[in-house]
Amino acid sequence: MNDTRIIYGFHAVTSRLRQDASGMQEIYLEESRQDGRARDLGKLAAERNVRLIPVDARRLDGLTGNARHQGVAARVAVVALRHDLDGVIEDAGKAALLLILDGVQDPHNLGACLRVADAFGVHAVVAPKDRAVGITSVVSKVASGAAETIPYITVTNLARTLRELKDAGVWIVGTDDQAPASLFDVRLDGPLAWVLGAEGEGMRRLTREHCDQLVRIPMAGKVESLNVSVASGVCLFETARQRQQKN
């Protein structure tokens, strides 16, 4: 079953059930769960004509690799999202918005970034193949359905991809704690790509050099940096705010 995978957790399973029930083969629910959340899931599954199978905890542990599955998992078809970056940009036009992650290898961070990207209308999340976690069951759980809606595109050479994005008219903005310009001082309209590095290491030097502009997130507290998913949310929120005001 190379075209299917296991997702788990109530959020991820319910979101997929609502978005694309036809792509769900079956749901596995721990038989000891008789609470309201389990009953609501069972009702929704029946409405969507998706088979729900009561199983014991050991079966769920085996399906999910002993993950924190909350007593529910599902076998789903892999969603065929567009993974042609040129096509994504062409379809989005002047409203193109990308999130580029350089060095994010933690599945929880990636899942949270995908969830934030979905919330703010990002057209694709891009990452290098050799420094990226990829879509896993953990990523899907944390993303709460966003792994099924946001194209996640991995590229062989991130620096080359940034050059190609520039040639396509996309403005590349990176985050840097030491940048002189503040997030609130820059215009964020037009085709735009945000570039963020992993917490701690940040962006690689070559990635930073390919940014058109570097900005810092104004911070009033004593914490020196934000988690990459939180930083992504801040940057994307400000982008959405500016674009909404312009319209």
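Rg and Dmax, both from the Cα atoms of the stretch 11-70 and both in Å, are 11.2, 29. Using θ = phi - 60° in the Karplus curve 6.51 cos²θ - 1.76 cosθ + 1.60, the 3J(HN,Hα) couplings for the stretch 83-96 round to 10, 9, 4, 4, x, 4, 5, 4, 5, 6, x, 5, 8, 3 Hz; x is entered for Gly and Pro. For the stretch 1-82, the relative contact order works out to 50 percent when only alpha carbon pairs closer than 8 Å and six or more residues apart are counted.
In a reduced charge model with +1 at each Lys and Arg Cβ and -1 at each Asp and Glu Cβ, the chain shows a dipole moment near 420 debye about its Cα centre. Which of rounded, prolate or oblate describes the stretch 169-247 when judged by the alpha-carbon gyration tensor and an a/c cut-off of 1.5? It comes out oblate by the Cα gyration axes. Which whole-number percentage describes the relative contact order of the chain, with Cα contacts under 8 Å and a sequence gap of 6 or more? Here the relative contact order equals 20 percent. Of the GluC sites (Glu not before Pro) found in the stretch 160-232, those that fall in a DSSP loop while having at most 13 other beta-carbon atoms within 10 Å are Glu201, Glu224.
Among the listed values (i) 15.0; (ii) 13.3; (iii) 14.1, the one computed from these coordinates for mean projected area of the Cα convex hull in nm² is (i).
Amide hydrogen proximity for Leu52: with H placed 1.01 Å from N in the peptide plane, the residues at 5 or more positions away or on another chain lying under 5 Å are Ile27. With the convex hull drawn over the C-alpha atoms of the stretch 105-165, the volume per residue is 72 Å³. The GluC sites (Glu not before Pro) found in the stretch 1-102 that occupy coil by DSSP, while having at most 16 further C-beta atoms within 10 Å, are Glu31.
A dipole drawn for the chain from +1 and -1 charges on Cβ atoms has a positive end, and of Gly71, Gly221, Ser15 the residue lying farthest that way is Gly71. Out of every Cα-Cα pair that the stretch 56-143 contains, those further apart than 16 angstrom amount to 62 percent.
Taking a ≥ b ≥ c as the square roots of the eigenvalues of the Cα gyration tensor, the stretch 79-210 is rounded, since a/c falls below 1.5. Considering only Met203, Ala92, Asn49, the residue lying farthest towards the positive end of the dipole of the chain is Asn49, judged by Cα position with unit charges set on Cβ. Close amide-amide hydrogen proximity is noted between Asp102 and Leu196, Gly197, Ala198, each under 5 Å apart and 5 or more residues distant or on a separate chain (H modeled in the peptide plane; Pro and chain starts excluded).
The dipole here belongs to the stretch 94-190: it is taken about the Cα centre, uses +1 on the Cβ of Lys and Arg and -1 on the Cβ of Asp and Glu, and is about 220 debye. Entry note, the stretch 132-247: relative contact order of 27 percent, from Cα contacts under 8 Å with a spacing of 6+ residues. Calculated mean residue ellipticity, 222 nm, the chain: -11000 deg cm²/dmol, from DSSP H runs (n ≥ 4) at -39500 (n - 2.57) each, averaged per residue and rounded to 500.
Helix 228-246: angle to the longest alpha-carbon principal axis of the chain, degrees 0 to 90, nearest 10? With rounding to tens, the tilt is 70 degrees. From the Kirkwood radius over Cα pairs of the stretch 146-210, Stokes-Einstein at 10 °C and 1.306 mPa s returns a whole-number translational diffusion coefficient of 118 µm²/s. Around the Cα centre of the stretch 33-120, unit charges on the Cβ atoms of Lys, Arg, Asp and Glu (plus for the first two, minus for the last two) sum to a dipole of about 680 debye.
A short reminder: the numbers here are calculations on the coordinates, not readings from a lab. If you're wondering where the values come from, they're calculated on a predicted model, not measured in any experiment. For neighbour counting, all protein chains shown are included, and Cβ atoms are generated from backbone atoms with ideal geometry for every residue, glycine included.
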